[in-house]
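Comments concern the structure below.
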Amino acid sequence: MAQIPSHVPAASYPSPKAVVQLLKPITWFPPMWAFACGAIASGAGIGERWFPIALGVLLAGPLLCGTSQAVNDWFDRHVDAINEPHRVIPSGRMPGQWGLAIAIAMSALSMAVAAFLGPLVFTAALVGLALAWGYSAPPFRFKQNGWVGNGVVGLSYETLPWITAATAALGHAPSTRTLLIALLYGIGAHGILTLNDFKSIKGDQQMGVDTLPVLHGAQNAARIACLVMAIPQACVILLLAQAGLQTGAMLVGVVLALQLLCMIRFLGDPEGKAIWYSAVGVGLYVTGMMTAAVALGSLTLPAPPLG
């Protein structure tokens, strides 16, 4: 059981600051960015649908992503007491059962907001919430395996927010092409998440966490991560070109080419360059996401008048 350090005064409830720290606002960016991509890809003007779109941003970031962070910290509290005792639960800043209570309350609030946005958004949010709990909580604990856990997070943080946003903006399910591209970027995010595993290979080996670097070694894991990021983007390029969106396909191709150049350097020293590639390569990846979204959105925009 996690022990509260002696220098931390006992408290019966957490401070507002501790609650914010538990929900980790810095992690909200990926799903909110994906949500923005989905809204833009829909091609629907904000207009009268500004309110459901704003609620969707709240749902994707602070609510669902915040919930996932609370769930993760609660079920990792014993491990964190050893490896990261400064975290909000093992440090005692989140006393008693408050971590679990906040996770449950945030889950209920998330579903209430999702229900207000309609059955399609509710279903997507329900799936996302189930994955968030399954990722961290027994008996599933998907995070114990890098193949499964990273896939779950990629779909939850990229694909589902994208689809949810497009649905909220349109008022109905988006096109099959949009669904496929959202899925492809979620799959590619699996490789991005693998980058985070290179910094803790020794610790993961000791704790029995089977990340890709632990399962396959650093060099092979780096190759897998690069392929998982690159192949879905190549498929996006083909889908855009097939739709007649040549400019969008070309721009995503340029972004992918730049990533490939960065991948060469990363593959030369995976453990040493993983953090560098996370900053540079991931920035290019999400730029390509938005580029594809803008291209998709142009399909539903009215043609400019002649003359």
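Taken together, the values in this text are just the output of simple stated rules run on the coordinates, not laboratory data. From a predicted model like this one, the values you see are computed outputs, not experimental measurements. Positions of Cβ are backbone-derived with ideal geometry, glycine not excepted, and every protein chain shown enters the neighbour counts.
Given points 7 Å out from each Cα along the Cα-Cβ axis, report the ILE275 to GLN219 separation in nanometres with one decimal.
Result for the modelled spin labels: 2.4 nm.
Among all helices in the chain defined by DSSP H, which have a length of 18 Å or more along the axis from Cα atoms plus a Kyte-Doolittle mean of at least 0.5?
Helices meeting the criterion: 29-42, 98-116, 119-136, 176-195, 218-242, 246-268, 270-298.
How would you order 209-215, 19-25 from highest to lowest mean count of nearby Cβ atoms within 10 Å?
209-215, 19-25
Over the chain, what relative contact order in percent results from Cα pairs under 8 Å that are six or more residues apart?
21 percent
Would you mind checking region 64-97 for residues with the amide N under 15 Å from a putative spin-label position 7 Å along Cα→C-beta of SER15?
Within reach of a label on SER15: 87-89, 91-95.
Calculate, in nm to one decimal, what LEU179 and ILE231 gain on full extension: separation in residues at 0.36 nm each, minus their alpha carbon distance.
Using 0.36 nm per residue and subtracting the Cα-Cα distance, I get 17.0 nm.
Taking R0 as 22 Å, what FRET efficiency do you get between PHE29 and HIS78 from their Cβ-Cβ distance, rounded to the nearest 0.05?
My answer for the efficiency is 0.20.
Please report the relative contact order for region 15-172, taking Cα pairs under 8 Å with a sequence separation of at least 6, and give it as a percent rounded to a whole number.
Reported as a whole number, the value is 38 percent.
For region 68-176, build the convex hull from the C-alpha positions and give me its volume per residue in Å³.
110 Å³
Hey, what did region 175-300 get for relative contact order, percent, Cα under 8 Å, at least 6 apart?
That works out to 29 percent.
Straight distance only, please: which lysines reach the Cα of LYS202 with their own Cα at less than 18 Å, same-chain residues fewer than 8 apart left out?
Counting by Cα, and skipping residues close in sequence, LYS202 has these lysines nearby: LYS143, LYS273.
Based on alpha-carbon atoms only, what is the radius of gyration of the chain relative to the globular estimate 2.2 N^0.38 Å?
Rounded to two decimals, the normalised Rg is 1.05.
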